[in-house]
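*Asks:* Please see the structure below; I have some questions.
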Amino acid sequence: MYLRLNSDELAIQDIFRSFFESECSIERVRTSQHTGFDTEAWERLIETGAPGMCLPEHIGGGGAPLTTGAIVADLVGEFVAPLPFIEHLVASRLLASLTPDHDLMPALISGEKIASLALQPTEDDQAKLVPGGAIADAVIACKGNDLVLASGDDSVSLLRNTADLPLAHRSLNGAETIASGGAAVERFSRARSEWQALMAVALTGLGRKAVDIGVAYAKERYQFGVLIGSFQGLQHGFASAITGVDGSHFLSNRAVSALENDSDLGERLAGMAFLFASEAALDASAASLQYHGGYGFAEEYDIQLYYRRAKGWPLQFGDPGVEYQRIANLCLPSGKVA
Amino acid sequence: MDWSFPPEAEEFRTEVRAFINEHLTDDVISSTHEGTIHNWDFHKKIADRGWLGGAVPSELGGGGKSALEMAVMIEELQLAGAPIDGMGVAIVVASVVLELGNDHLKETIVPKLLSGETLVSFGYTEPDSGSDVAAAQTRAVKDGEEWVINGQKMWTTMAHIADYVLLLTRTNTDVPKHKGLTFFIVPLETSGIEIQPVHTMGTERSNATFYDEVRIGDEWRIGDIDGGWEIMKAALKYERGIAGGQFPSPPLIDAFIEHAQKTERPDRSSIIDDPVVRERLVRSLIDVEVCRGFAYNTAFLASEGVMFGVEGSMTKLFASESYKKHSKWFLDMAGTEGLLYLGEEGAPVGGVIDEHFRHAPVTTIYGGTSEISRNLIAEGLLGLPRTR
């Protein structure tokens, strides 16, 4: 048992922290609000090897475990980075597990081309509101018993949204079928779990930073002649918020480890971590926003960026109420009455 | 991160589970329903396995169970709903005495504690000092070779079955409050001590203890005169991870699932099939997994020899607050029948849901209130200014 990053992982974290500090400053996040994507930052990310880091070595990937991807995902959250790192990582791993010889694979490993996956059920040959759908070169969707890959759609248009995400519908007309059958659908489900677990880690990073922003503000803002950080009303709100965020830190990293180790608990822990982290991140950013007073909802202040993403990022998966029912079916018995 | 326990801890988990299967009978669990939260037979069986002594740190002469093995034991006992308050007390007091006590205390008390024959009640809180524990006013005054003690303690739980009380007293009123405290381990049979029951909403019986011209020798003092705060810190140190409180909800969740699975609503639908019920159960199970993350983190820190503080407050805060929320949900979802007491006809799963509802508020108060926990997190982790 070792519940901290080891020395190799700390070194990786240092490298990527420098990357995000220089390429995903809050100014850059603001500049890319209308596209939800920072092209230049992605170009730099390609140079780090991150897009292919968690792909198998024998096809040219970095061969790193999912836990290494989680180190980067945490920073994606902390910096609210406008980069489709998680979608790309998960979708490329899915394609690599199904058709490692696919023509697109080399460009996905390098990051020259961006992949994503449709998290919503598909209907009428369309994948709705695909994460990164406005910028992805390739989108993998599950259509009944088939996994299809849609690429090269020029008619994609971004739909403006709460969290400045590059969301778009994607047509599945003419999409290539890459795999079919129960095992393929299982793989897709596994990819969804990986997305959930990494998103839970990212939301943890986001929540932690949201608390930091609020606490820093509370240490410089005076009202009634004292620092507002000296009021217990704020202190207790911050304490509850960081407790939720720390809880989601341990649960989400445990979920990533469980998936990496192919544990039987992987799927349910990923769903649980995702649901918990979603609420913890929103609670944390809502508390921090509240303690900013009026500045909290002013565009000029950063906390509103976190608040909007804390809700928007996880909602790409769909109504959490539906996800609670899915997890219930994994964990709970049903009644004896027909 | 590596979330796996070492093989010896997993083997120990198997052993503890087998022990629970054999010895944690329904009779043991229901024995605590009469108010006394301790079961001597069960406690003695734990002691006979050597697990009380095993939990005492090996540098103090304990039996060398690792921090991770202890975490496994405490987790399993809590998941099963075993009465472990006495176990925590025995381990904590034995550890404190072995580290800081005199030979008399080591010889008189420690063997009996670790063999499961005696208990010590904690005498910290007073009518006018709860969270502000260092404001204790119970006086101890030296009279020749003896100490004379006068005062009153609240929440001396288990004092009516214990042989001793770990008593926090004031020996100096001319210095800041933390610097004028002295601890004693006082035999409860000493003349001048009166124990009165304090019955609680949660069915547990606690006690108020009164000290009227109680005379004891200096051999019963532990730690330096006016050095009591060091003993308090040591007790808190050994309490971490041992005192439990990380997994209050699982016995309630298990009981509710049993009830919901076999119980129909008036429209003949099964309670467990209700989507609202299912969402709340999943939320509760998620909270338990969060508790597991916190508990394993503190076990990991202990195994690395790290003295943790805020992490323990966070664990306790989250576990007790979520438990209180669960107990409210499950009582609602058990319907009006959920209100029925233990043993009443028609009470769901024998009435334990109501029992949890009445017990849960105890857990957000004792051992440090949620408000004190939040203060400690705000100050210790977030660096916000101290407000007390």
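*Asks:* Output the residue which, of all residues in the stretch A:235-257 that are within 8 Å of chain B (Cβ to nearest Cβ) and of a type in the set (A, V, I, L, M), is nearest to B:PHE300 (Cα to Cα).
*Replies:* A:LEU251
*Asks:* Would you pick out the residues in the stretch A:216-234 that are without any contact (Cβ under 8 Å) to a residue 24 or more places away in the chain, part of a helix (DSSP H, G or I) and surrounded by fewer than 24 Cβ atoms within 10 Å (Cβ to Cβ)?
*Replies:* Passing the criteria: A:ALA216, A:SER230, A:GLN232, A:GLY233.
*Asks:* Assess whether A:PHE276 counts as being within 10 Å of another protein chain (Cβ to nearest Cβ) and more than 30 Å from B:ILE271 (Cα to Cα). I'd like the intermediate steps shown before the answer.
*Replies:* Numbers: within 10 Å of another protein chain (Cβ to nearest Cβ): yes; more than 30 Å from B:ILE271 (Cα to Cα): no.
No, not satisfied.
*Asks:* Also: Can you tell which of A:ALA284, A:ALA255, A:ALA298 is surrounded by fewer than 24 Cβ atoms within 10 Å (Cβ to Cβ), under 30 Å from A:SER32 (Cβ atoms) and modelled with pLDDT of 95 or more? First the steps, then the outcome.
*Replies:* Working: A:ALA284 fails: surrounded by fewer than 24 Cβ atoms within 10 Å (Cβ to Cβ); A:ALA255 fails: surrounded by fewer than 24 Cβ atoms within 10 Å (Cβ to Cβ).
The unique qualifying residue is A:ALA298.
*Asks:* Which residues, counting only those in the stretch A:1-39, are more than 14 Å from chain B (Cβ to nearest Cβ) and of a type in the set (Lys, Arg)?
*Replies:* A:ARG17, A:ARG28, A:ARG30
*Asks:* A further question on this structure: Every residue in the stretch B:289-310 that is farther than 21 Å from A:ALA277 by Cα, more than 9 Å from every other protein chain (Cβ to nearest Cβ) and in a helix (DSSP H, G or I), please.
*Replies:* Step one: list which residues in the stretch B:289-310 are farther than 21 Å from A:ALA277 by Cα, which gives B:299-309.
This time we only want the ones that are more than 9 Å from every other protein chain (Cβ to nearest Cβ), so: B:302, B:305-309.
Hit for the stretch B:289-310 is B:ALA302, nothing else.
*Asks:* Moving on to the next point. From the residues in the stretch A:303-338 that are crowded, with 20+ Cβ neighbours inside 10 Å and not in a helix (DSSP H, G or I), which one is farthest from the other protein chains (Cβ to nearest Cβ)?
*Replies:* A:GLN316
*Asks:* Name the residue, out of B:PRO57, B:PRO7, B:PRO83, that is within 23 Å of B:PHE300 (Cβ to Cβ), surrounded by 14 or more Cβ atoms within 10 Å (Cβ to Cβ) and of a type outside the set (Ser, Thr, Tyr). Even if it seems obvious, please write down each step before you answer.
*Replies:* Details: B:PRO7 fails: surrounded by 14 or more Cβ atoms within 10 Å (Cβ to Cβ); B:PRO83 fails: within 23 Å of B:PHE300 (Cβ to Cβ).
Answer to the selection: B:PRO57.
*Asks:* What is the residue count in the stretch A:267-281 for residues that are surrounded by fewer than 21 Cβ atoms within 10 Å (Cβ to Cβ) and among the small types (Gly, Ala, Ser)?
*Replies:* Residues that pass the stated criteria total 0.
*Asks:* Restricting attention to the stretch B:370-388, report how many residues are small (Gly, Ala, Ser) and touching a residue at least 12 places away in the same chain (Cβ under 8 Å).
*Replies:* Total meeting the criteria: 3.
*Asks:* While we're here: Tally up the residues in the stretch B:286-318 that are of a type in the set (A, V, I, L, M), surrounded by fewer than 19 Cβ atoms within 10 Å (Cβ to Cβ) and under 21 Å from the mean Cα position of the chain (by Cα), please. Can you show your working first?
*Replies:* So the first thing to find is which residues in the stretch B:286-318 are of a type in the set (A, V, I, L, M), and the list is B:286, B:288, B:290, B:295, B:299, B:301-302, B:306-307, B:310, B:314, B:317.
From the residues that got through so far, the ones that are surrounded by fewer than 19 Cβ atoms within 10 Å (Cβ to Cβ) too are B:306-307.
Keeping just the survivors that are under 21 Å from the mean Cα position of the chain (by Cα) gives B:307.
Residues meeting the conditions: 1.
*Asks:* Hey, can you tell me all the residues within the stretch B:362-388 that are at the interface with another protein chain (Cβ under 7 Å from one of its Cβ atoms) and hydrophobic (A, V, I, L, M, F, W, C)?
*Replies:* Answer for the stretch B:362-388, where residues must be at the interface with another protein chain (Cβ under 7 Å from one of its Cβ atoms) and hydrophobic (A, V, I, L, M, F, W, C): B:ILE377, B:ALA378, B:LEU381, B:LEU382, B:LEU384.
*Asks:* Of the residues B:ASP41, B:ASP27, B:ASP48, B:ASP103, which is in contact (Cβ under 8 Å) with a residue 24 or more places away in the chain, over 17 Å from the mean Cα position of the chain (by Cα), away from chain A (no Cβ under 14 Å) and at negative phi?
*Replies:* Values: B:ASP41 fails: in contact (Cβ under 8 Å) with a residue 24 or more places away in the chain; B:ASP27 fails: in contact (Cβ under 8 Å) with a residue 24 or more places away in the chain; B:ASP103 fails: in contact (Cβ under 8 Å) with a residue 24 or more places away in the chain.
B:ASP48 is the lone residue from the list that is in contact (Cβ under 8 Å) with a residue 24 or more places away in the chain, over 17 Å from the mean Cα position of the chain (by Cα), away from chain A (no Cβ under 14 Å) and at negative phi.
*Asks:* Which residues, counting only those in the stretch B:45-90, are under 25 Å from B:SER249 (Cβ atoms), among the β-branched types (Val, Ile, Thr) and in a loop (DSSP other than H, G, I, E, B)?
*Replies:* Result: B:ILE84, single match.
*Asks:* Within the stretch A:174-191, identify whether any single residue is closer than 22 Å to A:GLN120 by Cβ, in a strand (DSSP E or B) and touching a residue at least 60 places away in the same chain (Cβ under 8 Å), and answer yes or no.
*Replies:* yes
*Asks:* Please find, among B:ARG265, B:ARG283, the residue that is surrounded by 15 or more Cβ atoms within 10 Å (Cβ to Cβ), among the basic types (Lys, Arg) and touching a helix residue (DSSP H, G or I) at 6+ places or on another chain (Cβ under 9 Å). So that I can check it myself, show each step before the final result.
*Replies:* On the way: B:ARG265 fails: surrounded by 15 or more Cβ atoms within 10 Å (Cβ to Cβ).
Result of the check over B:ARG265, B:ARG283: B:ARG283.
*Asks:* Let me spell it out: the conditions are (1) part of a strand (DSSP E or B); (2) within 30 Å of A:ALA310 (Cβ to Cβ), and A:LEU149 meets all of them except one. Which number is the exception?
*Replies:* (2)
*Asks:* I would also like to ask the following. Sort out for me the helices (runs of 4 or more DSSP H) sitting completely within the stretch A:10-104 that have 2 or more residues that are surrounded by fewer than 23 Cβ atoms within 10 Å (Cβ to Cβ) and in the same structural domain as A:ALA281 (by TED's automatic domain parsing). Walk me through how you get there before you give the answer.
*Replies:* On the way: elements: A:26-31, A:39-48, A:66-78, A:85-98.
It comes to none.
The values are calculated or read from the model by the stated rules, or taken from the named source; none is laboratory data. Bear in mind the structure is a predicted one, so any value in this text is a computation, not a measurement. Every residue, glycine among them, receives a Cβ derived from its backbone with ideal geometry; neighbour counts consider all protein chains shown.
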